[in-house]
Each structure stands twice: as C-alpha cells, then as structure tokens.
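Okay, structure first, notes after.
Every number here is computed from the coordinates shown, using simple stated rules; none is lab data. Please read all numbers here as calculations on a predicted model, not as lab measurements.
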Amino acid sequence: MSERKGGKGRTQEQVVVEKAELEELAPASGRGEGVSLDLLLDVPLQVTVELGRARRLVRDILSLGAGSIIELDKLAGEPVDVLVNGKLVARGEVVVVDENFGVRVTDVVSAAERVSALK
C-alpha cells in the first residue's frame with residue numbers, strides 16, 4: 001500500500017477492496033428438523049382477558065366504593081379480548097364453569113391482524 005498526501009499536510013492510506021467469496025449454502029442436514037418445543041413449555045406467559053376499558057379521573061377512582069359501577073367501552077355480550085403478554089391473540093365469550101368465570105375462545109387473531117396491530 002502506498003501513502004499519499006491529503007489536504008492540510010495529512011497522509012491517507014489507500015485501501016484495497018476485494019470481492020468476498022462466499023460458499024454456496026446447502027440444504028439443512030436434518031439436525032433442525034423435528035426439534036421439540038419442550039424447551040418453551042416452562043416459559044411463563046401473562047394471559048389477560050379484557051372485558052373493556054374506561055378512562056376516569058383520580059377523583060372519580062377515589063370516590064369508588066362497594067357497589068360502584070364503572071361503565072366500559074364494550075357492550076354486554078360483546079366478545080372479550082384475550083391478550084398474551086399484552087398482545088391480542090384471540091377473542092372469546094365469558095362462560096361460567098363450576099361457579100368460576102372462564103373464556104371460550106371463539107376467534108383466533110390472524111397473523112395479518114397481529115401485524116397490522118403493530119403499526
């Protein structure tokens with residue numbers, strides 16, 4: 001490599017650039033095929049069922065007591081949202097099972113809907 005004089009008395013090195021030679025990619029050898037998802041079975045996920053939302057002033061929240069009613073932005077009988085780690089994954093209806101509340105999933109959100117929700 002040779003040096004040449006740049007402006008204001010500085011020297012600059014010339015750099016030689018060569019085209020990279022890459023090997024052809026071969027199909028997978030089968031090691032990754034059939035990999036078990038067992039490693040993910042113990043990953044904790046937060047599942048939330050959202051009946052609706054409401055916005056209130058702190059003054060209104062502080063005045064709540066037993067028997068108070070908060071109106072939500074959804075109507076009775078409308079599907080509830082099922083969120084996993086804060087992301088909408090399904091919709092369903094509230095059911096009662098042995099005196100406990102549950103959700104019957106009626107619609108799983110499509111990949112296209114999940115992508116559009118990112119915007």
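Tabulated values for the structure
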quantity	calculated
For region 48-90, alpha-carbon Rg over 2.2 N^0.38 Å	1.40
Hydrodynamic radius of region 44-119 per Kirkwood, over alpha carbon pairs, in Å	14.5
Euclidean distance between Cα centres, region 49-77 to region 86-114, Å	21
